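S.K.: Attaching a single structure in structure tokens format; questions to follow.
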Amino acid sequence: MPTEHGVGGSNPPGRVFKSGSVTGPNLFLGLFFYLEKKKIMAYFDESFDLDQFYMSEALKLAKAAKEQDEVPVGAVITHEGKIIARAHNQVETLKDPTAHAEMIAITQAASHLGNKWLNDCEMFVTIEPCSMCVGALVLARIKRVCFGAHDEKTGACGSVFNIAQSGILNHKIEITSGVLNRECAQIISGFFRSKR
């Protein structure tokens, strides 16, 4: 069974070794290679998808938002393979129209790193960010945003606008879309259906 490691919540599970299958110093040889998004080290199960893992963490936060009668959007930010920020919408709770999951996560990540730039970070968010959130992500110079469901009304990563990759601004964000799309779309559509 995979183990969890890291501070403050779940981080990617490592491959579990059977006793006696690897001996001596070779057990950990290469185990702690630097993780890049597209190169999962050899000791990880090949079927394991990091984007889906991080998005599942964001979905947990979206479910927490729903329980508080907030629009169910969750976001996590990672740095060097570890989750450093976790947030969900708190617009109703804080009576603050800017209290989107993405905005709160940006603040947490910058505070954690002690730096306003998030160039080596990636955000995983359950729905395509709006123009406010993408604007903040551009200003923070985040490396990549991975979102679940498209937002055909306010999405600013290509659905309505493409602020994330605008040639006019001083930073372009790498975008990955559709990760756990069905689950992400269901939680938000179900929330709004219940409000009708």
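The values are calculated or read from the model by the stated rules, or taken from the named source; none is laboratory data. Keep in mind it's a predicted model, so treat the numbers as computed, not measured. Ideal geometry is used to build each Cβ from the backbone, glycine not excepted, and the neighbour counts take in all protein chains shown. For accessibility, only protein heavy atoms count, side chains too; no ligands or nucleic acids. Shrake-Rupley method; radii C 1.70, N 1.55, O 1.52, S 1.80 Å.
S.K.: From the phi angles alone, apply the Karplus equation (6.51, -1.76, 1.60; θ = phi - 60°) to segment 78-90 and give each ³J(HN,Hα) in whole Hz, x where the residue is Gly or Pro.
M.R.: Listing the rounded values in order: 10, 9, 6, x, 10, 6, 10, 8, 9, 7, 9, 4, 9 Hz.
S.K.: Accessible area per residue of segment 108-164 at 1.4 Å probe, in Å²?
M.R.: With all protein chains present, segment 108-164 gives 41 Å² per residue.
S.K.: Please go through segment 59-102 and write out the GluC sites (Glu not before Pro) that DSSP classes as loop and that have at most 13 other C-beta atoms within 10 Å.
M.R.: In loop regions of segment 59-102 (DSSP not H, G, I, E or B), the sparsely surrounded GluC sites (Glu not before Pro) are Glu80.
S.K.: Shifting gears a bit: Check Val73: other-chain or 5+ apart residues with amide H under 5 Å from its amide H, H built from backbone geometry?
M.R.: For Val73, whose amide H was placed from the backbone, the distant partners under 5 Å are Asn89.
S.K.: Could I ask something else about it? Pull out a ≥ b ≥ c, the square roots of the eigenvalues of the alpha-carbon gyration tensor of segment 103-187, then state rounded if a/c is under 1.5, prolate if not and a/b is larger than b/c, and oblate in the remaining case.
M.R.: The shape class here is oblate.
S.K.: Would you mind checking which residues have amide H under 5 Å from Cys146's amide H? H placed 1.01 Å from N; only 5 or more apart, or other chain.
M.R.: Under 5 Å from the amide H of Cys146 lie the amide H atoms of Met123, Phe124, Val125, Thr176, each far enough along the sequence or on another chain.
S.K.: For Val160, list long-range residues whose amide hydrogen, built 1.01 Å from N in the peptide plane, is under 5 Å from its own amide hydrogen.
M.R.: The answer is Gly155.
S.K.: Only loop residues by DSSP count here, and only those with at most 11 other Cβ atoms within 10 Å; note down the trypsin sites (Lys or Arg not before Pro) in segment 50-128 that meet that.
M.R.: Here the trypsin sites (Lys or Arg not before Pro) that fit, given the DSSP loop and packing criteria, are Lys95, Lys116.
S.K.: Mind checking the full-extension length gain between Glu67 and Glu152? Use 0.36 nm per residue of separation minus the Cα-Cα distance, one decimal, nm.
M.R.: Gain on stretching Glu67 to Glu152: 28.1 nm.
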